[in-house]
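The values are calculated or read from the model by the stated rules, or taken from the named source; none is laboratory data. Model, not experiment: these values are computed from the prediction. All Cβ positions, even for glycine, are placed from backbone atoms using ideal geometry, and neighbour counts span all protein chains on display.
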Amino acid sequence: MSANDKKNVPNALPAGHRFNEFEIKEVIGGGGFGIVYRAWDHLLERTIAIKEYLPVSLVSRDEHLTIALRGERYQKLFTAGLNSFIQEARLLARFNHPGLLHVLRFWEENGTAYMGTLYYSGMTLKEWQLGSPETLTDAWIRQLLPPLFGAIDTIHQAGYLHRDISLDNIQIQDNQLPVLLDFGSARKTIGNLSDQTEIMLKPGYAPIEQYSEESDGEQGPWTDIYALGAVLHTLVTGNPPPVSVVRCIEDRYQPLTQLRPEGFSLPLLNAIDRALAMKPQDRPQSVDEFAALIALPVSTVEELVSSVAKAPEEIVIPEPVPVPVPEAQPQPVPIAPASASAEYASLRHHRLAKPLAIAAGVAVLAIVGIAIALMQGEESPAPAEQSAAAVNQNSETPAAPAATPADKPTIATVYLKLASGETLLLNDKPVEVKPNTSGYASLNLPAGHYKIDVQTAGAVRSQQLDIVKPGTWLINPGS
């Protein structure tokens, strides 16, 4: 996010606004669900960060700086998100690990809620990758991983999952120690309750079991390990792995142990491949198991503090690159303690997707269960890596994309099952598409509202779809 972008965040509090001893200095980040400020603590004379819960689609700020609903119908969504924001602050306050966001205070004011945290200088891992890709060596990654492993393992040992580990959710401090940013419970809760066509997940980083709240017992430490594997894949190759929803239809992931990118050790490449296995049971089942594949320890807090104190002069910091500060992250899921592999196995027979504060709401993309079923009993092939759009172009029998206006760029790829003899209509107009070898047709669509009909003799299956941002979706039009 550039300096101008920071100043132009809508509904931001003005510089100089006071919360008792805390004085707002500037906006340092903003997204659809909140604003982050740099503030000065006049009592302790230190800089802190303040995160404000502000879902811009539901509320705005009036002339008195108070949050006002955009309509009464948004009250339930706003309250549910607020409760999740509060629960997240309480959860983060329980942890005392240098690799996890440290919450100092929490309070409610102006009709919303605020979270005061330590101020972390540095840049996100995404900014680092864009600004200094030449520093991302095997040795640098091995230096990064132990403290990051320690932070993730701390969450798992406490019985929770993060569920949104990605490059823009890992902050690299000036001392090069990583900090795993917040869970973003409010964003996940509002997404679940308001949108039945998608889940707010980062394509490429989320494993297949995260695409359905109905995947009882499928989520566990291995879910975060998949996301961490995707982070490492991106650091090594420059790109995240193919979207898991696409992979379960036609897997074009090529193992890094076959590609053998220059300069990276075979144990690291093998660990990434193992972490990105489509089946949860084929991945490392704990952070310790993942670390063992790379022959790395899980750092304790004492080791982290000691390493920072001993050799600060050896740290080399690249020049920052302006990149948007990440939005808040999805809500953690309670899990059993991560101490025994037998307990992990038993998790598959119990529902793990119950949120901290409220029920997750109606399931979104329940049809992804069909995609998960496609994996059962099958070994995942390993063809060349492709993006979601490239699958359409390179399949043996490609699914022809729907025609889109030239002035409206494609932002979404939509997959659906299409049997022989069925006709696909987009906004009541026939679309000529061919299913791929797995029986799935695809549409490349720009932003907009769509009515999708699958017509067969004597029956029509329909679904409404609103596309407002990039994504890859698997849908199942109903009767």
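Note on segment 248-265: residues that are in contact with a Lys or Arg (Cβ under 9 Å, 6 or more places away or on another chain) and buried (at least 20 other Cβ atoms within 10 Å of the Cβ) amount to 1.
For segment 437-452, a residue qualifies if it is over 26 Å from the mean Cα position of the chain (by Cα) and surrounded by fewer than 21 Cβ atoms within 10 Å (Cβ to Cβ), and the qualifying residues are Thr437, Ser438, Gly439, Lys451.
Mind checking which strands (runs of 3 or more DSSP E) fall wholly inside segment 389-479 and carry at least 1 residues that are at positive phi and modelled with pLDDT of 75 or more?
448-456
Sort out which residues of segment 15-39 are free of Cβ contacts under 8 Å to residues at least 40 places away in the same chain and more than 21 Å from Asp182 (Cα to Cα), and write them in order of number. Ala15, Gly16, Arg18, Asn20, Glu21, Glu23, Lys25 - these are the residues of segment 15-39 that are free of Cβ contacts under 8 Å to residues at least 40 places away in the same chain and more than 21 Å from Asp182 (Cα to Cα). Go through the residues of segment 78-88 one by one and say whether even a single one is surrounded by fewer than 17 Cβ atoms within 10 Å (Cβ to Cβ) and in a strand (DSSP E or B). No: zero hits.
In segment 62-84 there is no residue matching the filter, namely being within 21 Å of Pro147 (Cα to Cα) and among the aromatic types (Phe, Trp, Tyr).
Sub-7 Å Cβ pairs linking a first residue in segment 135-148 that is polar (S, T, N, Q) to a second residue that is not in a helix (DSSP H, G or I), at least 6 apart or interchain, are Thr135/Pro318; Thr137/Gly263, ordered by first then second residue. Taking the criterion of being in contact with a Ser or Thr (Cβ under 9 Å, 6 or more places away or on another chain), touching a residue at least 60 places away in the same chain (Cβ under 8 Å) and over 23 Å from Ala441 (Cα atoms), the residues of segment 221-264 that qualify are Pro221, Trp222, Ile225, Ala227, Ala230, Val231, Thr234, Asn239, Gly263, Phe264.
Of all residues assigned to segment 52-61, none qualifies as being closer than 30 Å to Pro147 by Cα, surrounded by fewer than 17 Cβ atoms within 10 Å (Cβ to Cβ) and not assigned by TED's automatic domain parsing to the domain that holds Phe183. The criterion of at least 3 residues that are modelled with pLDDT under 55 is met, among helices (runs of 4 or more DSSP H) falling completely within segment 250-344, by 301-310. Residue check: is Val36 in a loop (DSSP other than H, G, I, E, B), outside the structural domain of Asp168 (by TED's automatic domain parsing), within 28 Å of the chain's Cα centre (by Cα) and crowded, with 18+ Cβ neighbours inside 10 Å? So Val36 does not fit the description; no. Which of the residues that make up segment 136-162 are among the β-branched types (Val, Ile, Thr) and surrounded by 15 or more Cβ atoms within 10 Å (Cβ to Cβ)? Across segment 136-162, the qualifying residues are Ile141, Ile152, Thr154, Ile155. Residues in segment 39-57 that are in a loop (DSSP other than H, G, I, E, B) and modelled with pLDDT of 90 or more: His42, Leu43, Leu44, Glu45, Leu54.
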